[in-house]
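All remarks here apply to the structure that follows.
The values are calculated or read from the model by the stated rules, or taken from the named source; none is laboratory data. Values in this document were obtained by computation on a predicted structure and should not be read as measured data. All Cβ positions, even for glycine, are placed from backbone atoms using ideal geometry, and neighbour counts span all protein chains on display.
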Amino acid sequence: MSNSKCSQCGLVNFAGAGVCKRCGAPLGAACVPAPAVDPAGEACAEEPSGGGRSLSRRVLAGLGLSALAVFGWYLSLLATSERATYEQRQQVERAVAVIERAGLSRDAFLLRHLTAYRTSDNWWNRATGHAEAYAATNFPFEVVTLYPDFFAYAADDTERAVILLHEARHLGGAGEEEALASVWRDKRRLGWTRERYGQTRVWKNVSEFTRRYAPGLFRCGADGQQDCTE
């Protein structure tokens, strides 16, 4: 049979004793936290406060609420805009296939598997406004709005691929300058060349905006104004 050690004075009492024979303290009572060491040379252990668990719960609760807010925002973008039709999605899919064949697999993955395609402005686009464009991206919600010009003025799947590649760069977090410059560098990989498309509306628009945002790409040639990627 085990003996009972007094938490106050350290005396080992007979098992079953209710109070300490030396100091009269109740046996089995909770230790009173104190900085001192008992006569037997053993420190009195403190009860765990549970503060760490409480902090963890608060952090997890905060993360959960943040995720819920982001998801609610995402749903609101979808609820206030129109989804692409089947025929429009088929055009998008063919353009994404052009990007994939060019070896730009990361961009193709974003466009094919993570993007929600809409054909009218959501409340956020309407509130912030934007210049005339073929498409617009809501980062980081992976929502791409395709405007009528995307379907009306792109000459073929290759030009639609160029527009979608620009939006894919935004989906990955790139700003306007980086998106325009990177697409211009990759245009030949898509088969989008001056020889074939130099007179199209999309070529003229994209080259104009790229010159404006990334002028360093057009400082080659004898006059210092030619395309450095050609």
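Inspection of region 216-230 finds no residue satisfying the criterion of being on the phi > 0 side of the Ramachandran plot and under 22 Å from the mean Cα position of the chain (by Cα). The set of residues in region 112-129 that are of a type in the set (A, V, I, L, M) and in a helix (DSSP H, G or I) contains only ALA127.
Filter region 82-111 down to the residues that are among the basic types (Lys, Arg) and assigned to a helix (DSSP H, G or I), then identify the one that is nearest to VAL183 (Cα to Cα). Only one residue tops the list, namely ARG106. Cβ-Cβ distances below 8 Å connect the following pairs, each with a first residue in region 163-190 that is free of Cβ contacts under 8 Å to residues at least 60 places away in the same chain and under 19 Å from ARG94 (Cα atoms), a second residue that is in a helix (DSSP H, G or I) and of a type in the set (Ser, Thr, Tyr), and a separation of six or more residues or different chains: VAL183/THR210. Condition test on THR210, is it surrounded by 14 or more Cβ atoms within 10 Å (Cβ to Cβ), under 16 Å from ALA133 (Cβ atoms) and either without any contact (Cβ under 8 Å) to a residue 40 or more places away in the chain or not aromatic (Phe, Trp, Tyr) (or both)? So THR210 passes the test. Within region 119-139, restricting attention to residues that are exposed (fewer than 12 other Cβ atoms within 10 Å of the Cβ) and closer than 18 Å to HIS166 by Cβ, the residue that is modelled with the lowest pLDDT is ALA131.
Looking for something under 23 Å from the mean Cα position of the chain (by Cα) and either assigned to a helix (DSSP H, G or I) or modelled with pLDDT under 95 (or both) - is there at least one such residue anywhere in region 141-156? Yes, that holds for at least one residue.
Of all the criteria given as (1) part of a loop (DSSP other than H, G, I, E, B); (2) farther than 24 Å from VAL92 by Cβ; (3) out of contact with any Leu (no Cβ under 8 Å at 6 or more places or on another chain); (4) in contact (Cβ under 8 Å) with a residue 24 or more places away in the chain, the one not satisfied by THR229 is (3). Could you grab me the full set of residues in region 112-153 that are within 18 Å of LEU171 (Cβ to Cβ), out of contact with any Phe, Trp or Tyr (no Cβ under 9 Å at 6 or more places or on another chain) and either touching a residue at least 12 places away in the same chain (Cβ under 8 Å) or of a type in the set (Gly, Ala, Ser) (or both)? Within region 112-153, ARG112, LEU114, THR115, TYR117, ARG118, ASN122, ASN125, THR137, PHE139, PRO140 meet the criteria.
Entry remark, region 187-206: residues being of a type outside the set (A, V, I, L, M, F, W, C), out of contact with any Ser or Thr (no Cβ under 9 Å at 6 or more places or on another chain) and buried (at least 19 other Cβ atoms within 10 Å of the Cβ) number 0 in total.
Filtering region 40-52 for residues that are among the polar types (S, T, N, Q) and modelled with pLDDT under 55 leaves a non-empty set.
Once region 158-180 is narrowed to residues that are surrounded by fewer than 19 Cβ atoms within 10 Å (Cβ to Cβ) and in contact with a Phe, Trp or Tyr (Cβ under 8 Å, 6 or more places away or on another chain), the residue that is nearest to PHE109 (Cα to Cα) is GLY173.
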